[in-house]
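Undergrad: Sharing a structure here in structure tokens format.
The values are calculated or read from the model by the stated rules, or taken from the named source; none is laboratory data. Worth saying up front: this structure is predicted, and the values here are computed from it rather than measured. Here the Cβ is made from the backbone with ideal geometry for all residues, glycine too, and neighbour counts use every protein chain on show.
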Amino acid sequence: MFWNKSPKQALEVPPGPSREQSLAMRPARGAGVREEPLGQAGLRLVYPVVVKPWFVGLAKRLGAGQGGTITRTLELDELGSFCWGLVDGQRDVREMARLMAERYGLPRREAELAVAAFLRELGRRGLLGFKAG
């Protein structure tokens, strides 16, 4: 009664980018992300969080967030710090994976999977975006 499409059509998910298209994407850092060194091989990323206006008011009342700004942090290990250092908006994911494989002696495919998963997580958190290659 409420379906405009057949149930089979409603459950179909449009295909995402192909593997080749994904590897050709160029990640770029998001605005407002700050880096803080964490000793010898680590890095802390401090980034603003986009929240609903009612949550900002609640956070102010509870003492979190100064002036309506709420920030989060993410600590990266040596591999994450190396990968983050490669994000410049010019290199594509394939090139980043190649550099990681060379530096750490990884198989190409394993480096591609690791870099893609890492970048996907950073994108999910709003730390970076992707440009088509």
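Undergrad: If you take the residues in segment 33-42 that are modelled with pLDDT under 90 and not in a strand (DSSP E or B), which one is surrounded by the most Cβ atoms within 10 Å (Cβ to Cβ)?
TA: Applying the filter and picking the extreme gives Ala41.
Undergrad: If you go through segment 10-30 one residue at a time, how many are among the hydroxyl-bearing types (Ser, Thr, Tyr) and either in contact with a Ser or Thr (Cβ under 7 Å, 6 or more places away or on another chain) or outside any helix (DSSP H, G or I) (or both)?
TA: The qualifying residues number 1.
Undergrad: Can you confirm whether Leu45 is modelled with pLDDT of 80 or more, in a strand (DSSP E or B), among the hydrophobic types (A, V, I, L, M, F, W, C) and in contact with a helix residue (DSSP H, G or I) (Cβ under 8 Å, 6 or more places away or on another chain)?
TA: Answer is yes for this residue.
Undergrad: Being at negative phi, touching a residue at least 24 places away in the same chain (Cβ under 8 Å) and among the small types (Gly, Ala, Ser) is true for just one of Ala101, Ala114. Which residue is that?
TA: Sole residue among the options that is at negative phi, touching a residue at least 24 places away in the same chain (Cβ under 8 Å) and among the small types (Gly, Ala, Ser): Ala114.
Conditions tested, residue by residue: (1) under 10 Å from Arg26 (Cα atoms); (2) among the acidic types (Asp, Glu); (3) within 13 Å of the chain's Cα centre (by Cα).
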residue	(1), (2), (3)
Phe82	no, no, no
Glu110	no, yes, no
Gly129	yes, no, yes
Gly133	yes, no, no
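Undergrad: So Gly105 passes all but one of these: (1) at pLDDT 95 or above; (2) out of contact with any Lys or Arg (no Cβ under 8 Å at 6 or more places or on another chain); (3) surrounded by 17 or more Cβ atoms within 10 Å (Cβ to Cβ). Which condition number does it fail?
TA: Failed condition: (3).
Per-residue answers, yes or no, for (1) within 24 Å of the chain's Cα centre (by Cα); (2) modelled with pLDDT of 85 or more; (3) of a type in the set (Gly, Ala, Ser); (4) closer than 20 Å to Leu86 by Cβ:
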site: Leu11; (1), (2), (3), (4): no, no, no, no
site: Glu20; (1), (2), (3), (4): yes, yes, no, yes
site: Pro27; (1), (2), (3), (4): yes, yes, no, yes
site: Gly30; (1), (2), (3), (4): yes, yes, yes, yes
site: Val49; (1), (2), (3), (4): yes, no, no, no
site: Val56; (1), (2), (3), (4): yes, no, no, no
site: Gly63; (1), (2), (3), (4): no, no, yes, no
